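Participant: Here it is: the structure, laid out below.
The values are calculated or read from the model by the stated rules, or taken from the named source; none is laboratory data. Owing to the predicted nature of the structure, the values given are computational and were not obtained by experimental measurement. Heads up, the Cβs are rebuilt from the backbone with ideal geometry, glycines too, and the neighbour counts pull from every protein chain shown. In case anyone asks, the SASA skips ligands and DNA or RNA and just uses the protein heavy atoms, side chains included. Shrake-Rupley method; radii C 1.70, N 1.55, O 1.52, S 1.80 Å.
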Amino acid sequence: MKPTQTVAVIGSSWGDEGKGKLVDFLSKTADIVVRFQGGNNAGHTVVINNKKHSFHLLPSGVLQNKTVVISNGVVIDPEVLFTELDHIQSEGYKPELIVSSTAHIIFPFHNYIDELEEKHKDYHAAGTTKRGIGPSYSDKAARYGIRVFDLVHPEFFKAKWDNLIDIKKKMIIALGGNWCYNAEEIFNQYVEFGRKLKPYMRDTAYFLNESLDDGKLILFEGAQGALLGLDHGMYPFGTSSTTWAGGIPAGAGISPKRIDKIIGIIKAYTSRVGGGPLPTELKDETGNYIREHGHEYGTTTGRPRRVGWIDLVNLKYTCMLNRYDALAISLLDVLGGLLKIKLCVKYIRNGQELDKWPIHSEIINECTPKYIEMPGWKNLHEEEWSEIAVQGFISLPEEMRNYIKFIEDYLGVPIAFISIGPNRKDSIVRYPIW
Ligand code: IMP
């Protein structure tokens with residue numbers, strides 16, 4: 001059998017599933033870690049020796065001093081990129097960074113347009129991170145976006161800039177905003193970013209394909225989650241990129257045939273930020289308990305996350321899309337202390353049971369979850385969970401093992417990686433992934 005050369009980690013629901021920790025773990029083996037979609041709307045947290053590192057744009061593999069790639073499918077806010085790079089370097093990490101020449105750029109007016117558009121959308125607002133992600137991708141799709149290559153070549157940048165500014169000015173005014181930018185100042189600032197980006201810029205599709213030809217191991221780090229994706233997520237309550245594994249070929253320039261393994265990461269419960277229906281949402285004391293216990297506040301915006309019971313109906317859907325080889329489950333420790341734990345196994349709409357995710361938010365709004373109930377497990381201290389992690393799967397509380405087994409059986413995918421605490425060491429690996 002061909003050895004595993006590429007592994008992808010995909011968030012299975014609404015993001016914030018704990019990808020950072022899994023990516024950090026898997027990137028130990030990888031030679032190269034790639035981000036292929038999204039931008040600094042992402043928030044990946046990795047805790048090493050009780051020190052928390054949060055990233056929004058850099059791949060989490062930076063903490064393993066690997067080669068990290070920001071490929072063409074990502075939108076880049078250069079200010080954020082250099083702030084994160086400075087932080088990492090000041091902490092003594094020395095990853096090799098490669099940035100695609102065809103990745104699109106986020107400018108300050110994109111953030112403002114993001115805000116104005118959200119106001120206009122009213123009920124349909126996605127509750128975006130206001131990081132300019134959607135507006136930058138919109139420019140890309142409209143074919144007047146600016147790419148890394150342009151910043152590095154001011155003469156090409158200038159040829160596109162005046163047109164872009166003209167359009168953005170009109171757009172901002174039409175949306176009821178004020179044009180409060182000095183276009184020349186921004187241009188010069190971004191030419192300076194281009195000068196700083198130049199040493200990192202590469203044609204990453206060539207780089208990645210040639211690296212694979214040379215036998216290198218590559219990890220693809222998804223951002224957000226499959227249900228936030230543009231095509232197969234809960235439109236319009238999601239983000240502007242392709243968040244499931246289908247985003248890798250387009251976003252990184254490699255053939256789908258080169259993706260060897262796809263790992264889905266699921267949370268022991270559900271959480272999301274932003275608008276849109278969330279059938280298993282808990283607006284009661286149990287919800288507050290999970291939110292506080294799980295520190296469910298956004299890494300990027302600090303917003304309290306909406307939380308609920310695990311939703312196996314939508315997870316089954318994203319398992320189908322991604323055809324995962326294995327799953328990783330995170331934050332099981334957070335449910336500790338609850339007497340009963342519920343799992344949504346079907347939706348009910350107009351008195352009828354549904355097994356399939358209804359896709360459209362209007363229909364999901366009319367659905368209520370059908371639950372089964374399982375006994376919970378006790379609440380332990382962080383150090384106690386760490387000790388259990390060392391002893392392995394068999395030492396987990398029986399109720400937790402039954403919970404894991406039920407999810408595995410329902411989804412038909414083995415759970416290879418179990419996380420019961422925030423630190424690197426609080427994990428159990430049941431099956432090798434590479
Ligand atoms: P945007 O990506 O900033 O346009 O936001 C669109 C939607 O995706 C909003 O509901 C955000 O809260 C959500 N979102 C974006 N990035 C993340 C993430 O990394 N984790 C969880 N939700 C996210």
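Participant: Among the residues of the range 150-191, write down those that are within 19 Å of Ile70 (Cβ to Cβ) and open to solvent by 80 Å² or more (accessible area, probe 1.4 Å).
Facilitator: The answer is none; no residue qualifies.
Participant: Name the single residue, out of those in the range 83-119 being among the β-branched types (Val, Ile, Thr) and in contact with a helix residue (DSSP H, G or I) (Cβ under 7 Å, 6 or more places away or on another chain), that is surrounded by the most Cβ atoms within 10 Å (Cβ to Cβ).
Facilitator: That would be Ile106.
Participant: Mind listing whichever residues of the range 1-30 are in a loop (DSSP other than H, G, I, E, B), within 13 Å of the ligand (Cβ to nearest atom) and open to solvent by less than 10 Å² (accessible area, probe 1.4 Å)?
Facilitator: Of everything in the range 1-30, those that are in a loop (DSSP other than H, G, I, E, B), within 13 Å of the ligand (Cβ to nearest atom) and open to solvent by less than 10 Å² (accessible area, probe 1.4 Å) turn out to be Ser12, Trp14, Gly15, Glu17.
Participant: If Val74 passes every condition in (1) closer than 25 Å to Ile172 by Cα; (2) touching a Pro at 6+ places or on another chain (Cβ under 9 Å); (3) not assigned by TED's automatic domain parsing to the domain that holds Gly177 but one, which one does it miss?
Facilitator: (2)
Participant: On to the next question. Take the range 271-289 and flag every residue that is within 16 Å of the ligand (Cβ to nearest atom) and of a type in the set (A, V, I, L, M, F, W, C).
Facilitator: Val273, Leu278 - these are the residues of the range 271-289 that are within 16 Å of the ligand (Cβ to nearest atom) and of a type in the set (A, V, I, L, M, F, W, C).
Participant: In addition: For Ala42, which of the numbered conditions (1) hydrophobic (A, V, I, L, M, F, W, C); (2) outside any loop (DSSP other than H, G, I, E, B); (3) within 16 Å of the ligand (Cβ to nearest atom) fails to hold?
Facilitator: (2)
Participant: Looking at the range 322-342 only, could you name the residues that are within 16 Å of the ligand (Cβ to nearest atom) and either part of a loop (DSSP other than H, G, I, E, B) or open to solvent by 10 Å² or more (accessible area, probe 1.4 Å) (or both)?
Facilitator: Leu331
Participant: Which one of Glu155, Glu96, Glu84, Glu91 is within 16 Å of the ligand (Cβ to nearest atom) and of a type in the set (Asp, Glu)?
Facilitator: The unique qualifying residue is Glu84.
Participant: Condition (residue is closer than 23 Å to Leu230 by Cβ and in contact with a His (Cβ under 6 Å, 6 or more places away or on another chain)) applied to the range 21-36: is it met by at least one residue?
Facilitator: Within the range 21-36, none of the residues are closer than 23 Å to Leu230 by Cβ and in contact with a His (Cβ under 6 Å, 6 or more places away or on another chain).
Participant: Please go through (1) crowded, with 24+ Cβ neighbours inside 10 Å; (2) in a helix (DSSP H, G or I) for Val33 and return the number of the only condition it doesn't satisfy.
Facilitator: Of everything listed in (1) crowded, with 24+ Cβ neighbours inside 10 Å; (2) in a helix (DSSP H, G or I), Val33 misses just condition (2).
Participant: To continue, here is another question. Just to be sure before I move on: is Val69 within 15 Å of the ligand (Cβ to nearest atom), crowded, with 24+ Cβ neighbours inside 10 Å and within 16 Å of the chain's Cα centre (by Cα) in the structure I sent?
Facilitator: Criteria not met by Val69.
Participant: Out of Thr280, Thr318, Thr270, Thr242, I need the residue that is farther than 28 Å from Pro397 by Cβ and crowded, with 18+ Cβ neighbours inside 10 Å. Which one?
Facilitator: Every option except Thr242 fails the conditions.
Participant: Only one of (1) touching a Lys or Arg at 6+ places or on another chain (Cβ under 6 Å); (2) assigned to a loop (DSSP other than H, G, I, E, B); (3) not aromatic (Phe, Trp, Tyr) fails for Ser271. Which number is that?
Facilitator: Only one criterion is unmet by Ser271, namely (2).
Participant: Anything in the range 213-228 that is open to solvent by 10 Å² or more (accessible area, probe 1.4 Å) and either under 21 Å from Ile263 (Cβ atoms) or touching a residue at least 12 places away in the same chain (Cβ under 8 Å) (or both)? List them, or say none.
Facilitator: Gly215, Lys216, Leu217, Gln224, Leu228 - these are the residues of the range 213-228 that are open to solvent by 10 Å² or more (accessible area, probe 1.4 Å) and either under 21 Å from Ile263 (Cβ atoms) or touching a residue at least 12 places away in the same chain (Cβ under 8 Å) (or both).
Participant: So which residues in the range 183-227 are farther than 23 Å from Phe82 by Cα and not hydrophobic (A, V, I, L, M, F, W, C), if there are any at all?
Facilitator: Within the range 183-227, Tyr206, Asn209, Glu210, Ser211, Asp213, Asp214, Gly215, Lys216, Gly225 meet the criteria.
Participant: Moving on to the next point. Output yes when any residue across the range 305-321 is within 14 Å of the ligand (Cβ to nearest atom), without any contact (Cβ under 8 Å) to a residue 40 or more places away in the chain and not aliphatic (A, V, I, L, M), and no when none is.
Facilitator: Yes, some residue in the range 305-321 is within 14 Å of the ligand (Cβ to nearest atom), without any contact (Cβ under 8 Å) to a residue 40 or more places away in the chain and not aliphatic (A, V, I, L, M).
Participant: Can you tell me which of Asp203, Asp260, Asp231 is surrounded by fewer than 24 Cβ atoms within 10 Å (Cβ to Cβ), of a type outside the set (S, T, N, Q), away from the ligand (no atom under 14 Å from the Cβ) and free of Cβ contacts under 8 Å to residues at least 60 places away in the same chain?
Facilitator: Only one candidate qualifies: Asp231.
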